[in-house]
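These notes are about the structure you will find just below.
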């Protein structure tokens, strides 16, 4: 599956942004919780120091008052303090019920008695509430350990609120950024789309056109410049080949004409042996075939250079078809191929000589491929703004694999229809060029076993005049 580059850019941009936001959000969440816990630890250290200072003269009767006074800065009802003996027994407690049981294990108590300040997080109570504790040994006056604890519920709520904001904000931010990325990618790729559209429209007949170069001084400008340079090279190569074909065809006309004349002179010799006469007759046919190919090549070269001039005049297509069929009867009679004409008179504005050339190509092909006893039927028709001719034969038809290429140059129809009657594969290509020069179109309607029908559609007379003025050749 081919995904457009605009979609890929947007998806990758959105994924990268999502990863960055999640990573930054996770860092902020962890950092916020760490800073809040650090603040709680500082506060507990202050409260423990106050209790230790209040008990410097002894423990009896003083702990409750001192601890209550020192815990006022902590959340009410969620903080407490306890006094443990060196053995771990609970001596006194105040505040939250969590302090009614010793908060230190024997190992922790031993570490504290050795002078370590122990900070821990406990989860106690039916609600699995988290408490932060600080334990320290009393330095003087009262031998024992003081433990100060406070709930972390407010801290957890703050962290949870931040997490909720991230869960809502990150998807929204990614969605907004993806929409913006889609728009920005579209704007960035719009010059590429224009260049692609223009490049796709440039064909062999429009090699003088160029892609607009954006004034951006970036990769897009270099791409357009490179494409235009490539088109310059392609145009130069195509023009060189066209000149070669035209020059070669022109140069071959004279020697072929001389050869034809010499062969005719040789054939007039009454003393010519039959075998030699047969050879010369065959040579005449080959020379004629080569001459036709050279003329076709020269015609195509002139068309490519825009040198074919159309002499448009009001013409009856039925009369054109009748004239062509009359001239082709000498070709159809030896193979007993019937030539039929159907349809009413249809007026168009065309170059009659060129249209006769097209129809002669089509009828000649139809006669060759219809076989002995076949029928070639030429019909005139008009449909709305179009009028044209249809040439139907009773031959073997053209396979579907060949129909898309049948009008290309040097594509021979004989291979498709099982015949080898020669030809260079230029007749249908020339016919297509002539019809399109008239503003019309030509196509094939063919079944694999029911013969073939070639259809020529031309602008009707009223439309033909308008197209002739709008599209000079």
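Values in this text are rule-based calculations from the coordinates and carry no lab data. Please read these numbers as outputs of a predicted model, since none were measured by experiment. For neighbour counting, all protein chains shown are included, and Cβ atoms are generated from backbone atoms with ideal geometry for every residue, glycine included.
Below are the figures for this structure:
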| read-out | value |
| --- | --- |
| Computed Rg/Rh of segment 1-132, alpha carbon atoms with Kirkwood Rh | 1.29 |
| Using distinct alpha-carbon pairs, which all enter the 1/r mean, Kirkwood radius of segment 248-399 in Å | 18.1 |
| The chain, relative contact order [Cα under 8 Å, separation at least 6], % | 9 |
| In Å, descending, principal axis extents of the Cα set of segment 144-284 | 147, 39, 28 |
| Segments 41-47, 255-261 sorted - mean Cβ within 10 Å per residue, highest first | 41-47, 255-261 |
| Structure-based [θ]222 nm, the chain - -39500 (n - 2.57) summed over DSSP H runs of at least 4, per residue, nearest 500 | -19000 deg cm²/dmol |
| With eigenvalues of the C-alpha gyration tensor scaled by 5 and rooted, segment 219-304, Å | 47, 10, 8 |
| Cβ crowding within 10 Å averaged over residues, with 374-380, 328-334 ranked highest first | 374-380, 328-334 |
| Where only C-alpha atoms are counted, convex hull volume of the chain per residue in Å³ | 309 |
| Rg/Rh ratio calculated on Cα atoms of segment 187-247 (Kirkwood radius) | 1.09 |
| Segment 15-69: Cα Rg divided by the 2.2 N^0.38 Å rule of thumb | 2.03 |
| Rounded tilt (10° steps) of 274-304 against the dominant C-alpha axis of the chain | 50 |
| Fewest-first sequence of 432, 198 by Cβ atoms within 10 Å of each Cβ | 198, 432 |
| Cβ-based exposure ranking for 405, 243, in which fewest neighbours within 10 Å come first | 405, 243 |
| Cα-based equivalent ellipsoid, segment 86-211: semi-axes from gyration tensor eigenvalues, Å | 73, 16, 10 |
| Rounded tilt (10° steps) of 461-470 against the dominant C-alpha axis of the chain | 70 |
| With Cα atoms, 0 to 90° folded angle of helix 427-437 axis to the chain main axis | 70 |
| Chain lengthening between residue 12 and residue 222 when straightened (0.36 nm per residue, less Cα-Cα) | 73.1 nm |
